[in-house]
Amino acid sequence: MAKTAVADIIIPTEFERYAIERTAERSRFAQSGIIENAPEFDELAAGGGREVQMPFWKDLVAGRQILSDNGALTVNKITSGADIARIQNDAQVWGVNHLAKVISGDDPMQAIVDLVADYWARTDEGIIIASLKGVFASGSMAGNLLGIHSEIVTGQSAATRLNGATFVDACTKLGDAADRLTSVAMHSATEAALRKLDLIDFIPDSEGKAMLRVFQGRRVIVDDSLPVRNGTTDGQVYTTYLFGSGAFGKGVAPLDGAALQGGFGTEGVEIARVALESDTVLINRRRYILHPRGVKFVSAAVAGDSPTNVELENGANWTRVFENKNVRLVAITHNN
């Protein structure tokens, strides 16, 4: 019986499209509306260079003027600003041996797409969490941060924990824009503490196939890679994040779909033979933007062509450019 080869079941141009679509379906942050796949970001990601600038008009803040026969009106300026995003350039390689167990299935291409999409969904979530750490390490975002935690166990109380009252305090960091917050991401220990208080509701999704967690009307994402650290004396300090719809904009550049010379596939999806290792590999490349709207990346400390997750966590690389209430992000540090 002939052995099934990856090259026999993968059509590179279709695989790339399916993988991008499937990644969005597998990402909890995309499904909750936190990530918005914006066509304008696709266009920006397709451009050259390492970063893109996104100009915007600042709000008009001039005071009221009264018409008078005795004096001229004062002319006020309309000022602009610019959000800046770095372009990410990623690639990953998988050997056929890693994919062999799914090749024999009923739909091997879809099985491999799912594996790859799961990987990229986790990668996107890692970038989001690293970016959140960096954004809230920037002094410019102090107005969107609520710190109620205690560094010692004996100092903990209802006032230092996430609960109904302190969550309201966090939401009001956006003032009259608090209703724009639609989702909340928290550590599983935090979610468990809220469940013990009977504060987590479960509602069916739009298709009735799964139950969604909801806290005070906001969809809950549970992720144990969210920040948690030891207190300076004892106990633990957790960080929970609140998001508005489209808090992160995402754009993916369509890579060259022409057949590679001397290889099989395209720039985005390539299948190559590693002769010295007697192996065949699947290579998937991406050029994309995944950026928190309203907080520009200033690249103060970036060594390579694209920032690493460690560099994304550096507050020196971020500066808020939107008004606080227009940045659809809030963080709260607390105990459980």
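Tabulated results
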| quantity | calculated |
| --- | --- |
| Separation in nanometres of the label points that stand 7 Å from Cα toward Cβ, at residue 285 and residue 197 | 5.0 |
| Rounded to whole Hz, the Karplus (6.51, -1.76, 1.60) HN-Hα couplings of the stretch 128-135, x for glycine and proline | 4, 5, 4, 5, 4, 4, x, 4 |
| Principal axis dimensions, largest first and in whole angstrom, of the stretch 218-277 by Cα | 60, 36, 17 |
| The chain: radius of gyration and largest Cα-Cα distance (Dmax), Å | 23.6, 97 |
| Against the rule of thumb 2.2 N^0.38 Å, how large the Cα Rg of the stretch 188-287 comes out | 1.79 |
| The chain: most fluctuating residue of 266, 232, 74 per GNM, C-alpha cutoff 10 Å | 74 |
| Cα-centred dipole magnitude for the chain, charges only on beta-carbon of K, R (+1) and D, E (-1), debye, nearest 20 | 860 |
| Under 5 Å, built H, 5+ apart or other chain: amide partners of residue 298 | 318, 319 |
| Residues with amide H under 5 Å from that of residue 146, placed H, sequence gap 5 or more | 331, 332, 333 |
| Computed magnitude of the charge dipole of the stretch 230-313 (debye, nearest 20; Cβ of K, R +1, Cβ of D, E -1) | 400 |
| Debye equation applied to the C-alpha atoms of the stretch 156-234, log10 I(q)/I(0) at 0.12, 0.25, 0.27 Å⁻¹ | -0.40, -1.35, -1.42 |
| Residue order, fewest to most surrounding Cβ atoms within 10 angstrom, among 94, 318 | 94, 318 |
| Projected label distance in nm at residue 178 and residue 122, using a 7 Å step from Cα toward the beta-carbon | 3.8 |
| In Hz, Karplus ³J(HN,Hα) per residue of the stretch 153-160 (6.51, -1.76, 1.60; θ = phi - 60°; x = Gly, Pro) | 4, 5, x, 7, 7, 4, 6, 9 |
| The chain - mean residue ellipticity at 222 nm from DSSP helices (-39,500 (n - 2.57) per run, n ≥ 4, rounded to 500) | -7500 deg cm²/dmol |
| In nm, spacing of pseudo-spin labels at residue 153 and residue 65 (7 Å Cα→C-beta vector) | 6.5 |
| Selected from 330, 314, 288, residue furthest toward positive end of dipole (the stretch 288-336; charges at beta carbon) | 330 |
| Residue exposure sequence - 190, 79 - by fewest surrounding Cβ within 10 Å | 79, 190 |
| Taking N as its residue count, the alpha carbon Rg of the stretch 111-248 over 2.2 N^0.38 Å | 1.13 |
| Mean Cα-pair separation over length for the chain, i.e. relative contact order, pairs under 8 Å, 6 or more apart, % | 30 |
| Mean Cα-pair separation over length for the stretch 263-336, i.e. relative contact order, pairs under 8 Å, 6 or more apart, % | 22 |
| For residue 226, residues with placed amide H under 5 Å, excluding near neighbours | none |
| Ranked 321, 214, criterion: other C-beta atoms within 10 Å, fewest first | 214, 321 |
| From phi via Karplus (6.51, -1.76, 1.60), per-residue ³J(HN,Hα) for the stretch 279-289 in Hz, x at Gly/Pro | 9, 10, 10, 9, 10, 10, 10, 9, 10, 7, 10 |
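Only the coordinates and a few stated rules stand behind these numbers; no lab work does. Keep in mind the model is a prediction, meaning the values are calculated, not measured. Methodologically, a virtual Cβ is constructed for each residue, glycine included, from the backbone with ideal geometry; neighbour enumeration extends over all protein chains shown.
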